[in-house]
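The values are calculated or read from the model by the stated rules, or taken from the named source; none is laboratory data. In this text the structure is predicted, and so the values were computed from the model without any measurement. Cβ coordinates were reconstructed from backbone atoms using ideal geometry, including for glycine residues, and neighbour counts include every protein chain displayed. Just the protein is used for accessible areas: all its heavy atoms, side chains included, with ligands, DNA and RNA removed. Shrake-Rupley method; radii C 1.70, N 1.55, O 1.52, S 1.80 Å.
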Amino acid sequence: MHLFTPFELRDVTARNRVMVSPMCQYSCEARDGLATEWHRVHLGSRAVGGAGIVMTEATAVTPRGRISPEDLGIWSDDHAEALSPVAGFLADHGAVPAIQLAHAGRKASTRRPADGGDPIHDDGGWTPVGPTAEPWPHDEPLETERLSTDDVVDLVDAWAAAAGRAVDAGFDIVEIHAAHGYLLHEFLSPVTNGREDAYGGDFEGRTRFLREVVAAVREIVPDGTGLFVRISATDWLPGRESWTVDDSARLAADLEPLGVDLMDVSSGGIHPDQEVPDTGPHYQVPYAERVAESGVPVGAVGGITTPQGADAIVRNGRADLAVVGREHLRDPYFAIRAAEELGHEAPVPRQYTRGFD
Ligand SMILES: Cc1cc2nc3c(=O)[nH]c(=O)nc-3n(C[C@H](O)[C@H](O)[C@H](O)COP(=O)(O)O)c2cc1C
């Protein structure tokens, strides 16, 4: 087993084990959540560049689930229609089209990073929602709305509807974003979930929302569609009641029977007090290994920048997929370069073969 051993799940076969990590582009300039030429060219380039799976950025299941006004969305059929050529291009060029479905929870309504990233208090912003009314601790926090029990049930439906649209648009893998301090993570973690209804309290209660989203999505997508869940394996808040790696392994074991095919293992993001360790090469791989002990396939992400490093992660059985983020911003052709350096046949599109004679 190595980086260029195809990855098979359900009806999906990825030509290699390089996945483009979801990365927000903040490029819906019209602030309508509709995919633009940027998304098609950006994601399309990574398919042309040889990646096995190309995943969209966090794509909001409701308008209030966007981080910034320029985020992608999939809360209507028009959104699916705008994404359809993106998925089609990815598939036409050998990559498995994948989409990350997301809700930003209390971290919503901020300016895009290039515009400072601050919460939007004036026109163009909106009221974020969370498990409680406690806001994300910005310097000037946004008033935040506590979701009622009925609201949570409605959001489960919103997630399922979004997944159905994603399939209609042509995506073969759906990833549920339950990491980085966004809505589903806010329910998982005791740091942010102070609810007293069925969606709070103990591990069972705090994981209920995610389990219901997974079950609803699995029910609506065809059996052949892949289902991934991205989690933050730890809150990085030692000495405080928080979400831990052991919780993550337990969660993965609970999600597998609901039809989850892979856990995409990231970390952090729930609170600004987090104590982030050294974020050197492959720093989150040990978390992926721990989650894999549950028996569920895993993707490792974070600081994977070299073909040899990515290959070693797969070859040594530490993870099933090497999920590569920022290196793909620097080099859309990472997978082609990896194949060449590792001595495999490179996934070069016919239009470019003269460059590789
Ligand atoms: C510009 C940018 C946007 C990102 N957007 C998302 C996102 O939409 N969803 C997500 O789960 N992670 C997001 N991330 C995190 C990446 O997917 C990845 O987990 C992180 O960058 C670590 O991997 P790397 O070291 O390979 O970049 C983003 C990261 C960057 C740099």
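Give me a count of the residues in the range 237-266 that are in contact (Cβ under 8 Å) with a residue 40 or more places away in the chain and in a loop (DSSP other than H, G, I, E, B). Total meeting the criteria: 8.
Does Tyr287 satisfy the condition of being aromatic (Phe, Trp, Tyr), in contact with a strand residue (DSSP E or B) (Cβ under 6 Å, 6 or more places away or on another chain) and open to solvent by 20 Å² or more (accessible area, probe 1.4 Å)? Please lay out each step first, then the result.
On the way: aromatic (Phe, Trp, Tyr): yes; in contact with a strand residue (DSSP E or B) (Cβ under 6 Å, 6 or more places away or on another chain): yes; open to solvent by 20 Å² or more (accessible area, probe 1.4 Å): yes.
Taking the combined requirement at face value, the residue satisfies it.
Okay, residues lined up against (1) out of contact with any Asp or Glu (no Cβ under 6 Å at 6 or more places or on another chain); (2) among the aromatic types (Phe, Trp, Tyr); (3) more than 16 Å from the ligand (Cβ to nearest atom):
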| residue | (1), (2), (3) |
| --- | --- |
| Met1 | yes, no, yes |
| Glu8 | yes, no, yes |
| Thr13 | yes, no, yes |
| Val18 | yes, no, no |
| Pro22 | no, no, no |
| Cys28 | no, no, no |
| Ala35 | yes, no, no |
| Arg40 | yes, no, yes |
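Suppose the filter is open to solvent by 50 Å² or more (accessible area, probe 1.4 Å), within 13 Å of the ligand (Cβ to nearest atom) and more than 23 Å from Ala104 (Cβ to Cβ); does Pro238 pass it? I'd like the intermediate steps shown before the answer.
Values: open to solvent by 50 Å² or more (accessible area, probe 1.4 Å): yes; within 13 Å of the ligand (Cβ to nearest atom): no; more than 23 Å from Ala104 (Cβ to Cβ): yes.
Spelling it out, it is not the case that Pro238 is open to solvent by 50 Å² or more (accessible area, probe 1.4 Å), within 13 Å of the ligand (Cβ to nearest atom) and more than 23 Å from Ala104 (Cβ to Cβ).
Within the range 81-105, being open to solvent by 10 Å² or more (accessible area, probe 1.4 Å) and assigned to a helix (DSSP H, G or I) holds for Glu81, Ala82, Ser84, Pro85, Gly88, Phe89, Ala91, Asp92.
Limited to the range 158-185, what total is found for residues that are within 16 Å of the ligand (Cβ to nearest atom) and open to solvent by less than 20 Å² (accessible area, probe 1.4 Å)?
15
If you go through the range 167-197 and keep only what is under 14 Å from the mean Cα position of the chain (by Cα), under 13 Å from Ser267 (Cα atoms) and not hydrophobic (A, V, I, L, M, F, W, C), you end up with His177, His180, Gly181, Tyr182, His185. The numbered conditions (1) touching a helix residue (DSSP H, G or I) at 6+ places or on another chain (Cβ under 9 Å); (2) assigned to a helix (DSSP H, G or I); (3) farther than 30 Å from Gly130 by Cα are all true for Trp38 except (1).
Considering each residue of the range 263-273 in turn, at least one proves to be away from the ligand (no atom under 16 Å from the Cβ) and either surrounded by 14 or more Cβ atoms within 10 Å (Cβ to Cβ) or modelled with pLDDT under 95 (or both). Restricting attention to the range 328-341, the residues that are more than 16 Å from the ligand (Cβ to nearest atom) and crowded, with 16+ Cβ neighbours inside 10 Å total 3. Scanning the range 317-327 for residues that are surrounded by fewer than 24 Cβ atoms within 10 Å (Cβ to Cβ) and either acidic (Asp, Glu) or touching a helix residue (DSSP H, G or I) at 6+ places or on another chain (Cβ under 9 Å) (or both) turns up Gly317, Arg318, Asp320, Glu327.
Within the range 283-326, the set of residues being part of a helix (DSSP H, G or I) and β-branched (Val, Ile, Thr) comprises Val285, Val291, Ile313, Val314. Any chance the range 186-193 includes a residue that's touching a helix residue (DSSP H, G or I) at 6+ places or on another chain (Cβ under 6 Å), part of a helix (DSSP H, G or I), away from the ligand (no atom under 16 Å from the Cβ) and among the acidic types (Asp, Glu)? So far as the range 186-193 goes, no, none of its residues is touching a helix residue (DSSP H, G or I) at 6+ places or on another chain (Cβ under 6 Å), part of a helix (DSSP H, G or I), away from the ligand (no atom under 16 Å from the Cβ) and among the acidic types (Asp, Glu).
Residue pairs whose Cβ atoms lie under 8 Å apart, sitting 6 or more positions apart in sequence or on different chains, and linking a residue in the range 52-71 that is closer than 17 Å to Ala158 by Cβ and more than 11 Å from the ligand (Cβ to nearest atom) to a partner that is of a type in the set (Val, Ile, Thr) and open to solvent by 10 Å² or more (accessible area, probe 1.4 Å), are Arg64/Thr127.
Number of residues in the range 290-316 that are away from the ligand (no atom under 11 Å from the Cβ), within 22 Å of Val245 (Cα to Cα) and either among the aliphatic types (A, V, I, L, M) or open to solvent by less than 10 Å² (accessible area, probe 1.4 Å) (or both) equals 6.
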